[in-house]
Amino acid sequence: MHVQGEKTRKAVRWISDILQTSEKTQLETLIHQAINRFDLNPRESEELIQFYKRAKENQRPS
């Protein structure tokens, strides 16, 4: 899975870094913080949200 756009990639990298160091942080909170931190437009924001939805779906056991 990958995302397009430099700002969105930076947001994914930032979220991943935080999740590695702090498992207690809620993903939804991080996504909203990343949207603001990286000034994502609506399309980029939706791409970021969908990226993590797909990741979550891929983690579910079949």
How much mean residue ellipticity at 222 nm does the chain get from its helices, if each DSSP H run of length 4 or more adds -39500 (n - 2.57) and you divide by all residues, to the nearest 500 deg cm²/dmol?
-> -24000 deg cm²/dmol
Taking 7 Å along the Cα-to-C-beta vector as the label spot, tell me the residue 20-residue 56 distance in nanometres, rounded to one decimal.
-> 2.3
Out of 33, 50, 20, any idea which swings most in a Gaussian network model of the chain, alpha carbons joined below 10 Å?
-> 20
Where in the chain are there GluC sites (Glu not before Pro) that are in a DSSP coil and have at most 10 other Cβ atoms within 10 angstrom of their Cβ?
-> 23
Where trypsin sites (Lys or Arg not before Pro) fall in DSSP loop in the chain, at most 13 other Cβ within 10 Å | 24
Volume per residue (Å³) of the convex hull spanned by the alpha carbons of the chain is 83
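Bear in mind that the values in this text are calculations on the coordinates, not laboratory data. Remember, it's a predicted structure, so these values are computed and weren't measured experimentally. FYI the Cβ positions are ideal-geometry reconstructions off the backbone, even for glycines, and counts take in every protein chain you see.
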